[in-house]
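Shown next, in structure tokens, is the structure this report addresses.
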Amino acid sequence: MRLFTLLSVAGIACATTAHAADQMANAAPVAAAETSPFDLAFGVAFVSNYISQGATLTENKPAVQAYIEASYDMFYAGTWVSNIRAEDVKDAEIDLYAGIRPSFGALSLDFGYVHYYYPKDPNNYGELYAKGSYALTEQFSAGAAYYHDVFVDTDWLDLTASVSGLPWETSLSGKVGTDFGSQGFDTDKVAWDLGLSRTFAEVVTVDVRYHDSNYDPGRVVAKLSFDTSWSALQGGQ
């Protein structure tokens, strides 16, 4: 999931971006089909609107997003890209990230750093993040994610929950987050989302989600994603 202010020399207005880590979580790599500690995951997604913390980063227009991630045991590094748009100025977001994902039974952790690059913006943006998720049952899990922008000194905390095994093989997930007033709004910004998703053949996922915040209008976003990994492809041979 982060808060960041885009100050483009090309004239892009200030905009609140999405957590790249959150986007990566939504495009989670397919589980490895082999026992090798090395794997390569990749995927592409088509979204009707790129929403971050309740705000649109594409002026309510669609986006195409893709990622590739290499991992060795608990260590990983990758890149995630998306088109963005503000005040009719088109740009791209390119995220470079790395970290570790240790697990202890039902507890899964994720610590890392993500650097954000925008071709039309010469400024630096990057976040340290720490995430944790605990599987209380086979169907229900809850967690939290904290992000700190090391360049603009903003913070964001998400609380998350998901339930799987619902009728028609769907899953329900959502989150609520706040900036603790670090973005400089009159009051703390609070954003949340809730949606249903279903995965077909372990590769294709359809997600329909409602996003809202106390500073942005509510929006429904549809997402179609395709995710796989080298180990999954090898196992399918």
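Set side by side, the residues Asp212, Asp227, Asp186, Asp149 differ, and just one is more than 26 Å from Ile68 (Cα to Cα) and under 18 Å from the mean Cα position of the chain (by Cα), which is Asp212. Scanning region 65-86 for residues that are more than 26 Å from Val190 (Cα to Cα) and either in contact with a Leu (Cβ under 6 Å, 6 or more places away or on another chain) or assigned to a strand (DSSP E or B) (or both) yields a total of 12.
Test Ser182 against the stated conditions and say whether it is among the hydroxyl-bearing types (Ser, Thr, Tyr) and outside any loop (DSSP other than H, G, I, E, B). It is false that Ser182 is among the hydroxyl-bearing types (Ser, Thr, Tyr) and outside any loop (DSSP other than H, G, I, E, B). Consider region 87-117 and keep the residues that are out of contact with any strand residue (DSSP E or B) (no Cβ under 9 Å at 6 or more places or on another chain) and in a strand (DSSP E or B). The one that is nearest to Phe46 (Cα to Cα) is Val89.
When Tyr116 is tested against (1) closer than 18 Å to Val152 by Cβ; (2) among the aromatic types (Phe, Trp, Tyr); (3) more than 15 Å from the chain's Cα centre (by Cα), just one condition goes unmet, and that condition is (3). Of everything listed in (1) on the phi < 0 side of the Ramachandran plot; (2) buried (at least 17 other Cβ atoms within 10 Å of the Cβ), the single unmet condition for Gly54 is (1). The residue that is farthest from Ile51 (Cα to Cα), among those in region 191-237 that are of a type in the set (Val, Ile, Thr) and in a strand (DSSP E or B), is Thr228. Of the residues that make up region 143-162, is at least one of a type outside the set (Lys, Arg), surrounded by fewer than 20 Cβ atoms within 10 Å (Cβ to Cβ) and on the phi > 0 side of the Ramachandran plot? Yes, region 143-162 has at least one match.
Listed residues Thr154, Thr137; which is closer than 23 Å to Asp212 by Cβ and either more than 14 Å from the chain's Cα centre (by Cα) or small (Gly, Ala, Ser) (or both)? Quick ask: steps written out before the conclusion?
Numbers: Thr137 fails: closer than 23 Å to Asp212 by Cβ.
Of the residues listed, the single one that is closer than 23 Å to Asp212 by Cβ and either more than 14 Å from the chain's Cα centre (by Cα) or small (Gly, Ala, Ser) (or both) is Thr154.
If you go through region 170-193 and keep only what is out of contact with any strand residue (DSSP E or B) (no Cβ under 6 Å at 6 or more places or on another chain) and either surrounded by 15 or more Cβ atoms within 10 Å (Cβ to Cβ) or among the acidic types (Asp, Glu) (or both), you end up with Gln183, Asp186, Lys189.
So which residues in region 73-82 are within 17 Å of Gly43 (Cβ to Cβ) and touching a Lys or Arg at 6+ places or on another chain (Cβ under 7 Å)?
Step one: list which residues in region 73-82 are within 17 Å of Gly43 (Cβ to Cβ), which gives 76-82.
The answer is Tyr76, and nothing else.
A short reminder: the numbers here are calculations on the coordinates, not readings from a lab. None of the values given here were measured: they were computed from a predicted structure. Glycine gets a Cβ as well: all are built from the backbone with ideal geometry, and neighbour counts include every protein chain shown.
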